[in-house]
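Enquirer: Take a look at the following structure, please.
Laboratory data are not the source of any read-out in this text; all were calculated from the coordinates shown. Just so you know, these numbers come straight off a predicted model, no measurement behind them. Cβ coordinates were reconstructed from backbone atoms using ideal geometry, including for glycine residues, and neighbour counts include every protein chain displayed.
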Amino acid sequence: MLLVVLLDGVGMELKDLPFMKTLNPEPLETYTFTYPSAYAFLTGKVPKMDWFWRDGRMTKTVFSWRDYDVEFLWDVLECRQLYLNIPFSYPPKKINGIMVSYCLYGLHTYPKYVEFVLKKMGYILDVYVDDPDFLLKSYDCVVMRTRATILLSKDMDLVFTAYTTPDRVLHKRLEIGEDRVENFMYQLDANLHLLFSILKPEYYIVFSDHGFTRDGYHGPGHPSTKWGIVASNLGRIRRIEEVFKKIIDLF
């Protein structure tokens with residue numbers, strides 16, 4: 001099995017978390033925010049920034065695979081695959097495996113029965129930063145993402161899961177304080193460790209799609225946030241487009 005884990009927004013300042021440190025993470029050059037970076041790691045192609053960001057704002061509220069005339073990772077691979085809350089997975093496609101759409105767009109799955117399974121387990125799609133219980137729900141969301149990944153990964157050759165909640169927490173880092181941010185990241189790190197302990201992947205790629213400033217920002221106006229983090233036993237990965245190539249070469 002190849003386990004691919006996207007840690008949304010996690011930068012090199014978090015490389016020394018206990019389990020993360022054992023994976024020897026390195027800097028990864030990205031595109032400062034999720035959608036162009038996601039296009040790069042799911043297609044292996046360099047994105048055009050104005051597809052995603054123009055005049056100081058995002059060009060769309062929903063980014064779907066069907067808006068781009070290109071093959072995505074799931075179009076190329078024939079092995080058994082799980083995609084859990086990966087960008088560009090809306091609407092979920094019929095693939096050899098399971099696809100759960102990106103968390104911002106509601107719970108949509110292929111096959112359809114997976115939606116019932118996730119609802120029954122109390123799955124949490126995402127958290128909202130204005131919720132009074134935002135931080136507590138962020139912890140719960142991470143735990144549910146781990147449980148769902150383990151539950152749905154049976155007989156899969158590729159397991160590709162995204163932890164999106166670190167991005168939400170880091171956007172609020174000034175408000176909640178660095179101590180609470182650190183506590184959340186230790187929880188995330190513990191869940192990553194649990195995922196590895198149970199799935200025991202032969203191969204892995206753990207990476208992020210961008211970094212964050214210390215005051216909780218990222219994007220084209222913050223060039224320092226083009227640096228994410230990556231750890232893999234498939235050889236060195238310097239740019240985010242190379243994630244796609246490493247996966248294709250393996251299969």
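Enquirer: Expressed in nm², what is the orientationally averaged projection area of the convex hull enclosing the Cα positions of the chain?
Expert: With the hull built on Cα positions only, its mean projection is 12.2 nm².
Enquirer: Hey, any idea what Rg/Rh is for the stretch 134-218, computing Rh the Kirkwood way over Cα pairs?
Expert: Dividing the radius of gyration by the Kirkwood radius yields 1.00.
Enquirer: Determine, from the Cβ-Cβ distance of GLU26 and ASP157 and an R0 of 30 Å, the FRET efficiency 1/(1 + (r/R0)^6), rounded to the nearest 0.05.
Expert: 0.70
Enquirer: Nearest 500 deg cm²/dmol is fine: what mean residue ellipticity at 222 nm does the chain get from its DSSP H runs of n ≥ 4 alone, each adding -39,500 (n - 2.57), divided by its residue count?
Expert: -10000 deg cm²/dmol
Enquirer: What are the GluC sites (Glu not before Pro) within the stretch 96-202 that DSSP puts in a loop, where the Cβ has at most 15 other Cβ atoms within 10 Å?
Expert: GLU202
Enquirer: A follow-up question, please. Distance between the C-alpha centers of the stretch 183-243 and the stretch 55-133? Whole Å please.
Expert: Using only Cα atoms, the two centres lie 19 Å from each other.
Enquirer: Here's something else I'd like to know. Packing-wise, with mean Cβ within 10 Å as the measure, how do 93-100, 70-77, 26-33 rank, highest first?
Expert: Highest-to-lowest ranking by the protection proxy: 26-33, 93-100, 70-77.
Enquirer: On to the next question. Which length gain, in nm to one decimal place, applies between VAL117 and GLU13 when the Cα-Cα distance is subtracted from 0.36 nm times their residue separation?
Expert: Answer, rounded to one decimal: 33.8 nm.
Enquirer: Taking 7 Å along the Cα-to-C-beta vector as the label spot, tell me the ARG236-THR213 distance in nanometres, rounded to one decimal.
Expert: 3.1 nm
Enquirer: Can you sort PHE244, PHE63 by how many other beta carbons sit within 10 Å, fewest first?
Expert: The order, fewest Cβ neighbours first, is PHE244, PHE63.
Enquirer: Residue separation times 0.36 nm, minus the C-alpha to C-alpha distance between TYR203 and LYS45: what's the value?
Expert: 54.6 nm
Enquirer: Let me ask something else about it. Tell me, what HN-Hα J-couplings in whole Hz come from the Karplus equation 6.51 cos²θ - 1.76 cosθ + 1.60 at θ = phi - 60° for each residue of the stretch 188-193, using x for Gly and Pro?
Expert: 4, 4, 5, 5, 4, 4
Enquirer: List the residues whose amide H sits under 5 Å from the amide H of ILE205, counting only those 5 or more places along or on another chain, with H placed 1.01 Å from N in the peptide plane.
Expert: LEU3, VAL4, VAL5
Enquirer: So how strong a dipole does the chain carry about its Cα centre when Lys and Arg Cβ are +1 and Asp and Glu Cβ are -1, to the nearest 20 debye? Numbers along the way, then the final one.
Expert: Details: 30 positive and 32 negative charges, 91 e Å.
Dipole about the Cα centre, nearest 20: 440 debye.
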